[in-house]
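We did not get these values from a lab; they are worked out from the coordinates using the rules stated. From a predicted model like this one, the values you see are computed outputs, not experimental measurements. Cβ sites come from the backbone with ideal geometry, for glycine too, and all protein chains shown count toward neighbours.
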Amino acid sequence: KVADLKGTKEGKLRLSVITTATYFMPRILGAFCQLYPNIDVALQVTNHEQMQQRMSNNQDDLYILSQPPEDMDLKSQPFIDNPLVMIARKDHPLASRQNISLEDLQSYPFIMRESGSGTRQAVQNLFKEHNISVKVRLELGSNEAIKQAILGDLGISVLSKHTLTTACHEDLTILDVQHFPISRHWYINYLSGKQLSVIAQTFLDFLLDRTQLMEV
Ligand code: PGA
C-alpha cells in the first residue's frame, strides 16, 4: 500500500520525459520526493524520436510524451493539456493582428525544431494539410534556444504553451493564428509487457492524482 511506502521505501525510479515536460516535472518530483525521501530518481529529457528509442530498449519505467507512437504496445493515460502556440516577439508585424491565416505566415522567417521533435512533426502535419510552406530560417534543438532566437528577431515559431510559464517573457506574445493552438495532451506511458515496480506504480498514481485538477 502506498501509505506503507512513506519514509521506508527505497529504490530507483527511472523517468523519461519530452523536452516540454521539464517545465512541469521538477515540481511534481519535488512533491513526490518529499513524500518518499528514500527513492532516487533518474530523469531523462529527450525529444520524441529519442524517447521512442529508449522505449524500444526498455530503458525507463515511465515515459511522458505528447504523441505516443502508434506502432508500440503501450499503456497510456493522458493527464494535462499541452497545446502548441505560435509565438512572436511583441514588436513583430503580426503581433497586432487578429485571426491571422496560415497563408500569412509564409511571408515571415520561421524557426523550426530539429528533426525527431514531436513539436516539429505536429507543425509540419498542420502545414502540409493546408499546403503551407513557411520560410525556415533556422533549425534549433531546444525550446529555450528558440525563445532566445525569437527575442533576437530571427523569426516566429511554434512551442508548447508550457514553455512560456517560467521565466519573464514580457517581450514575447502568442499570435492569434487560425488552427492554433494545436491541441494535445501529455500522456504517461509504460510498455504493456512490463510489470511496473511498486515505486513506478506509486509515482504513476501520484502524478494522476496531483494533476487531475490542474489547468494550463
Ligand atoms: P518534442 O516534444 O521535444 O519532441 O518536440 C515536445 C512536446 O510534444 O511538447
#### Entry: Orientation-averaged projected area, Cα convex hull of the range 84-174 (nm²)
5.4 nm²
#### Entry: Extension gain from K135 to T22, taking 0.36 nm per residue of separation minus the Cα-Cα distance
37.8 nm
### Message
Expected output is a single nm value to one decimal: the length gained when fully extending between A31 and V45, i.e. 0.36 nm times separation in residues minus the C-alpha distance. What is it?
### Response
3.1 nm
### Task
Just add up the charged neighbours of I174: K/R +1, D/E -1, any other residue whose Cβ is under 11 Å from the Cβ of I174.
+1
### Summary
In deg cm²/dmol, rounded to the nearest 500, the helical mean residue ellipticity at 222 nm of the chain, built from -39500 (n - 2.57) for every DSSP H run of length 4 or more, is -8000 deg cm²/dmol
### Summary
Exposed-loop cut sites defined as trypsin sites (Lys or Arg not before Pro) in DSSP loop states with at most 16 other Cβ within 10 angstrom; longest site-free run of the chain spans 98-193
### Message
Less than 13 Å from a label point 7 Å out along the Cα-to-Cβ axis of S197: which backbone N atoms in the range 34-78 qualify, by residue?
### Response
38-43, 59-62
#### Entry: Pairwise centroid distance, computed over Cα atoms, of the range 57-74 with the range 169-197, Å
14 Å
### Query
Å³ per residue of the Cα convex hull, for the range 131-216?
181 Å³
### Task
Please go through the range 111-216 and write out the GluC sites (Glu not before Pro) that DSSP classes as loop and that have at most 16 other C-beta atoms within 10 Å.
E114, E170, E215
### Task
Would you kindly compute the Cα radius of gyration of the chain and its largest Cα-Cα separation (Dmax), both in Å?
18.9, 60
### Query
Dipole of the chain, Cα-centred, from +1 at each Lys and Arg C-beta and -1 at each Asp and Glu C-beta, to the nearest 20 debye?
260 debye
## Note on the structure
If every Lys and Arg gets +1 and every Asp and Glu gets -1 at its Cβ, then about the Cα centre the range 84-174 yields a dipole, in debye to the nearest 20, of 100 debye
### Task
Looking at the range 84-174, send over the antiparallel percent of its DSSP beta bridges, to the nearest 5.
50 percent
### Message
Restricting to bridges with both residues inside the chain, how much of the DSSP beta-bridge set is antiparallel, in percent to the nearest 5?
### Response
45 percent
### Task
Would you mind checking which residues have amide H under 5 Å from L138's amide H? H placed 1.01 Å from N; only 5 or more apart, or other chain.
F110, M112
### Message
Spelling out what I want: for every residue of the range 43-49, take phi, set θ = phi - 60°, compute 6.51 cos²θ - 1.76 cosθ + 1.60 (Karplus), and round to whole Hz; glycine and proline get x.
### Response
10, 9, 10, 9, 8, 4, 5
#### Entry: Two-site label geometry, E170 and Q124: point separation in nm, points 7 Å out along Cα→Cβ
3.8 nm
#### Entry: Under 17 Å from K12, Cα to Cα: lysines that are on another chain or at least 8 residues apart
K194
